[in-house]
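Working notes, beginning with the structure itself.
Please treat every number below as a calculation from the coordinates, not as lab data. Just so you know, these numbers come straight off a predicted model, no measurement behind them. Cβ sites come from the backbone with ideal geometry, for glycine too, and all protein chains shown count toward neighbours.
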Amino acid sequence: MGEFLARLFSSDFMPHGHCYLWRPEILWLHVFSDGVITTAYFFIPLALVYFVRKRKDLPFNWMFLLFGVFIFACGTTHLMEIWTVWNGTYRLAGVIKAITAVASVGTALALVPLIPQALALPSPAQLRAANAKLEEEVRERLQAEAALEEARSELETKVQERTAELAESIEALLAEIAERKRAEEESRKLASLVENSTDFIGVASLDGKATFVNGSGQAMVGLESDDEAQVEILKYLPPEDRDWFQQHILPALQRDGTWEGETRFRHFKTDATIPMLQHIFFIKEPVTNRRLALATISRDISQRKRAEDALQKAQTDLAHVTRVSTMGEMAASIAHEVNQPLAAIVTNGNASLRLLPKDAESLEDVREAVECMISDAMRASEIIKRIRAALKNVAPEKNPLSLNETIQETLALAAGELARSQVQVRTKLNATSPLVIGDRVQLQQVLLNLIFNGKESMSQPGWQQRELLISTEDAKPDEVTVAVRDSGSGIDPQNQERLFDTFFTTKEDGIGLGLSISRTIVEAHGGRLWATANEGAGATFQFTLPTSHRN
């Protein structure tokens, strides 16, 4: 065996070419055929290995490798056939053939048990059918997946829509909760407002029975509990006003749905009447506008009535001051005019005394009568002089006062007349103006004269712009200037110097005393009054008054 192996690669035999007698056609036929077979046998294992590596899912892939080994060994034997044509290495050729035999036997033995399993493999037709079925299943599965995807997409759409609906519902619910909370909060605020209001707030059924009256309302009419308040609404009125309420107010309320005006309530304990400014209306259902109940918000205007009475008294007093001032100015003029004939009477009486003969005893009575006449005339003249002096030198009751407040009070007095004349009043009052020393009523008279003078200058029919501007300013450190500016007909330059003359007037029904009285009053207060024409329409009347500091 050792010798065999030692001489394994020895060429000590006769080459195979001798068997072919070295005839070229036979030799190369065998060499070429064995070469082609060898090449094919070497390529087939490579293809099988490549196929197995690429198709790892094949069943029995190891059998393909065994066939590759067997075929490779067979190719090697054919290669040795070519080699032994020129070399006698038959020992090596035999070993290779033995290896080929072992590979072929092993492959055969391994192939036998695989035959049933190989036969069990589906045929190409079966594979085609299986493939077709599989393709059909794939198509069905793809269709099912497409349908499932469509269903999923549709489901997602529905889920999104439902989610959006739920979100909207949640949002609406939250908004409703917030609205309810707000409504509850508003209800609490309204309830607190009703309970803490100083006005009379009441609710009654449509048949006229009170169902609720707030605490202030109960106290206002002398009630002490809610039960006492639940009576017929007519019982809240004085008996003499109930027929008028039923005949006038209730029909207007039914017709218009609301009514507002002045009425009177009665005090349940004292039966005293309470003047009220009453607003009556229906509580309605929001959607249907159906009337649900009757409600009222009423205010005690007793203080306002007292203020109106005081205002009326102030207007009366102011009118009285106007009359007194007018009569005072007239008395001064009359005194001036009467004093001249009295002086003439005295002069003529003295002349008569000089003309009477002194020794005529029969004329003594005449002399005595003329002397008495002269004495009485002189006494009357002295009285008139004292009246004139009193009228010009009487000091008014002067106290520190605010011109801004006086202007506001005067505008309140003149508001009704200005409104009826459709005059728009604006004020531009200096809030830091100092106090002045003056008589409030007399200064109100001056302001009224200037305001009415401006109002009357704009009273012509068809006059479009009716504006009155009242302003105060500190023109100098020790005096305050008040200006009343109108948009009326203005001042005729020919009348400029005569505006403040007594009895001078440009009005058909005027007596010419207002501006004269106003200047007298202002000058008596240590100020001055003058008028100027505006660049546009109207005129501006101004007067100054010294401040309390200067006084």
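Assorted remarks:
- Amide proton proximity set for L429, modelled H, under 5 Å, gap of 5+: T472
- Positive-pole candidate from A172, L223, Q246, dipole of the stretch 151-259, charges at beta carbon: A172
- Magnitude of the charge dipole, the stretch 399-546, Cβ model with Lys/Arg +1 and Asp/Glu -1, debye to 20: 200 debye
- For the stretch 197-300, size of Cβ-based charge dipole, Lys and Arg +1, Asp and Glu -1, in debye: 280 debye
- Each residue of the stretch 19-32 was assigned a 3J(HN,Hα) from its phi angle through the Karplus curve 6.51 cos²θ - 1.76 cosθ + 1.60 (θ = phi - 60°); the sequence is 5, 8, 6, 6, 6, x, 5, 6, 4, 6, 5, 5, 4, 5 Hz, with glycine and proline shown as x.
- Once backbone amide H atoms are built at 1.01 Å from N, Q230 has no partners under 5 Å, excluding neighbours fewer than 5 places away on the same chain.
- Coupling constants for the stretch 423-435 follow from the phi torsions by the Karplus curve (6.51 cos²θ - 1.76 cosθ + 1.60, θ = phi - 60°), and in residue order they are 9, 8, 9, 10, 10, 9, 9, 6, 5, 9, 4, x, 6 Hz; glycine and proline get x.
- Separation of the stretch 61-113 and the stretch 263-312, taken as the distance between their Cα centroids, equals 130 angstrom.
- Length released on extending from K189 to A310, taking residue separation times 0.36 nm less the Cα-Cα span: 39.8 nm
- When +1 charges are put on Lys and Arg Cβ atoms and -1 charges on Asp and Glu Cβ atoms, the dipole computed for the stretch 1-103 relative to its Cα centre reaches about 420 debye.
- The stretch 178-309, relative contact order in percent, only Cα pairs under 8 angstrom and at least six apart counted: 23 percent
- Ranked I407, I26, criterion: other C-beta atoms within 10 Å, fewest first: I26, I407
- Which of G94, I44, M63, positive extreme of dipole for the stretch 2-120 (C-beta unit charges): M63
- Entries in K158/K181; K235/K269; K305/K398 that, when Cα-Cα distance is taken, lie over 22 Å: K158/K181; K305/K398
- When only Cα pairs below 8 angstrom with a gap of at least 6 residues are kept, the stretch 2-120 shows a relative contact order of 37 percent.
- Residues with amide H under 5 Å from that of D439, placed H, sequence gap 5 or more: N399
- Karplus-derived 3J(HN,Hα), 6.51/-1.76/1.60, for each residue of the stretch 474-480, Hz, glycine and proline x: 9, 5, 10, x, 10, 8, 10
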